[in-house]
Amino acid sequence: MKKIEKEIFSVLKKFVSFPTIDGNEEEMKKLLEYVKTLVPTNFIVKEYLFQTKPVLVISNTDSKELDIVFCTHIDVVPHEKYELVEKDNLLYGRGTFDMKGGTVVSLLALLNQETTKKIGIFLTSDEEVGGNCVKELLNIYHPKFGIIPDGGNDFQLVKEEKGRLLLQVSISTTSSHAAELYKGENAIATLFSVYQKLLEKYPNPTSDKEWKSSICLTRLEGGKAFNQVPDYAEMILDIRRIASDFKIEFINALKKIDSRLKIKVLASETPYLTNIENEMVKKFLQSVKTVLKKETVITHSNSTCDGIYFTENGIPTVLMNPTGGFAHSPNEYVEKESLLKLYEIYINFLKNM
């Protein structure tokens, strides 16, 4: 394991050095060019470009019908420095946990494991800003099973993630002089009242332990003059819904509160959901148990990832992260030993398929 430990550390150090943030496609291309230098000649390498976002797909077959695909992303959120710092058993740096650490492990597991199964890896560059690349790739490739190292923590299996529903809600009312507000109707106040009434039907969770949909008022705008009752306002609602709450329910609830509302869907994402009873999922969990020598904790997550596109396509998927924390923050880290464990899990799974 010393050899693979050194390899993981070396490749991850290189990965972290690239500032692959949104808008910096040149650095993303440079990282992908580096990845190509690691790939043996017996693998198939395909390059794609979706809405300026570069993508690399590496597989041991030319077929688009894959048995397994590792779904990873190389883009990260901005940071002051892009370097890997090792301290004790922890590796600090932007993307170490989300998700360059998991990407490197997935890549090396693919390249190092001999198997008769048709296996590939997606390396995309837009997960942090929407994930359209995976959506496009699943129109080209048809995997039977997906592995995504981008959810939960400490080898917990994420069974469900919330789907995002972004709504623009607006209303037109009657203006008046601010000194005679009773002659008009304040559009801003009306929308805020609508939001409060919506929360009466869908109270927000107060902790991670409450698994239910949340509704966040992220923007409220209106008014043209300081001394005028505004006759138009619009608000943005960022709704993170669980699988049992459907999109149309929120839209209908808003219309029931006030029929004058104009509602525009800005984004609608399917909640990620995996079937624990699926045979491939069971086999993966057995590999986790074999390596870690303990049962896997099944959990859910308030965030979202590219797994939603696998759910939309009916592809069974496992969502699991190594041990780490503080994603998107200055002290983001991943536990070095956990990357080795994740590698062992992948190798065990591929051997025993």
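Some observations on this one:
- Potential lengthening between LEU181 and LYS224 on full extension [0.36 nm per residue; Cα-Cα distance subtracted]: 14.0 nm
- Helix axis angle, 247-257 relative to the chain longest principal axis, alpha carbon, degrees: 10
- Taking amide H as placed 1.01 Å from N in the peptide plane, LEU90 has its amide H under 5 Å from the amide H of LYS336, each at least 5 places away in sequence or on another chain.
- Residue-wise HN-Hα couplings along region 339-351, as the Karplus relation 6.51 cos²θ - 1.76 cosθ + 1.60 with θ = phi - 60° gives them from phi, are 5, 5, 5, 4, 4, 4, 4, 4, 5, 4, 5, 5, 5 Hz; Gly and Pro carry x.
- Mean projected area (nm²) of the alpha-carbon convex hull when region 141-277 is viewed from all directions: 11.6
- Mean-position separation - Cα centroids, region 139-203 and region 52-103, in angstrom: 30
- Applied to region 139-147, the Karplus parametrisation 6.51 cos²θ - 1.76 cosθ + 1.60 on θ = phi - 60° returns per-residue 3J(HN,Hα) values of 8, 9, 9, 10, x, 7, 8, x, 10 Hz, with x for Gly and Pro.
- Checking (i) 20.3, 64; (ii) 21.5, 71; (iii) 23.2, 78 against the coordinates, the calculated Rg and Dmax of the Cα atoms in Å falls under label (iii).
- Listed peptides 231-237, 13-19, 217-223, 262-268 appear in the order 13-19, 231-237, 217-223, 262-268 once ranked by packing, highest mean of other Cβ atoms within 10 Å at the front.
- Counting only protein chain heavy atoms and rolling a 1.4 Å probe, the accessible areas of ASP22, ASP238 rank, largest first, as ASP22, ASP238.
- Taking the 1.4 Å solvent-accessible surface of region 211-262 as the whole, the part contributed by carbon and sulfur is 52%.
- Probing with 1.4 Å while keeping every protein chain in the model, the per residue accessible area of region 81-143 equals 36 Å².
- Subtracting the Cα-Cα distance of VAL77 and HIS328 from 0.36 nm times their residue separation leaves 89.7 nm of extension gain.
- Dipole magnitude (debye, nearest 20) for region 68-117, charges at Cβ of Lys, Arg, Asp, Glu: 100
- In summary, the lysines within cross-link reach of LYS197, defined as a Cα separation below 16 angstrom excluding same-chain residues under 8 places away, comprise LYS255, LYS256.
- Zone of ASN204's modelled label, taken as backbone nitrogen in region 129-170 under 20 Å from a point 7 Å along Cα→Cβ: 162-170
- Magnitude of the charge dipole for the chain, about its Cα centre and with charges confined to Cβ atoms of Lys, Arg (+1) and Asp, Glu (-1), is about 540 debye.
- Angle in degrees between helix 187-201 and the longest Cα principal axis of the chain, rounded to the nearest 10: 60
- Too-long pairs where the Cα-Cα distance tops 30 Å, listed order kept, from LYS100/LYS262; LYS209/LYS289; LYS36/LYS144; LYS144/LYS294; LYS183/LYS262; LYS36/LYS162: LYS100/LYS262; LYS36/LYS162
- Helix 2-17 vs. the chain, principal-axis angle (Cα, 0 to 90°, nearest 10): 40
The values are calculated or read from the model by the stated rules, or taken from the named source; none is laboratory data. Computed from a prediction, not measured in an experiment: that's the story for all the values here. Positions of Cβ are backbone-derived with ideal geometry, glycine not excepted, and every protein chain shown enters the neighbour counts. Keep in mind that these areas ignore ligands, DNA and RNA; they rest on the heavy atoms of the full protein, side chains included. Shrake-Rupley method; radii C 1.70, N 1.55, O 1.52, S 1.80 Å.
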